[in-house]
Amino acid sequence: MKKSTIILSALLLLICACKKDNKTTTVINPPTPANPYYFRFTLGGTSYNQHSTLPQYMTFYANEVGGYEIDSAGLYPSIGLRLSWHLGDTVKESDVIGLIGKTLYYTDTLIHPELDFDHDAASATWYSNDTSNTSYNVKITNVVFLKKDTTLGIPIRTYVITGTCSGVMSQGTTASVLTGGTFNFIISRQDH
């Protein structure tokens, strides 16, 4: 009898171990990652954090790459970064990827950086000044190809550019300093 009790106990244990759990498991989707695009800076003592996922391609020529980062679908405030090669040059994939690790100064002529900022539709645009003071610059830490696009009616290639910047900005006769600029946003170039 003792032997049959042990066998019966072992069978019950085996059956219970193999019994399907009737509990319902709910799979919770992981949270969507935070928006990776931003352009943060301070201009004239006011801090800005542009962070829209809506790409704003820059009107450009074959010798330019650039884009804008905006705060919302309302398009303002917006800040733009344009990088220009010599007039008549055609920017290629290798030129854009070759920006990684470069520090560009506002007096550079090989690759010339420009910043512009619009607070709202009614205000005049702030533009970076071509100063020889090298403490003002654009540093590119990374560039990654994102995708091809035809939103502008012509084929373009888009990239995510990451880096830092500072600059002397002017709006008419008024000057101010842009400091603490950090960015990770979308730029574009013509697809040749």
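Readers should treat all values here as calculations from the given coordinates under stated rules, not as data from a laboratory. From a predicted model like this one, the values you see are computed outputs, not experimental measurements. Every residue, glycine as well, gets a Cβ built from its backbone with ideal geometry; the counts of neighbours run over all protein chains shown.
What is the magnitude of the charge dipole of the range 40-192 about its Cα centre, with +1 placed on the Cβ of each Lys and Arg, -1 on the Cβ of each Asp and Glu, and no other charges, expressed in debye to the nearest 20?
360
Cross-link partners among aspartates and glutamates for Lys147, C-alpha distance below 14 Å, same-chain residues fewer than 8 apart left out?
The qualifying aspartates and glutamates are Glu93, Asp191.
What is the spin-label model distance, in nm, from Leu87 to Asp120 if the labels are put 7 Å beyond Cα along the C-beta direction?
For the pair Leu87/Asp120, the computed spacing is 3.6 nm.
For the pair Asp130/Leu54, report the inter-label distance in nm, with labels modelled 7 Å from Cα in the Cβ direction.
3.4
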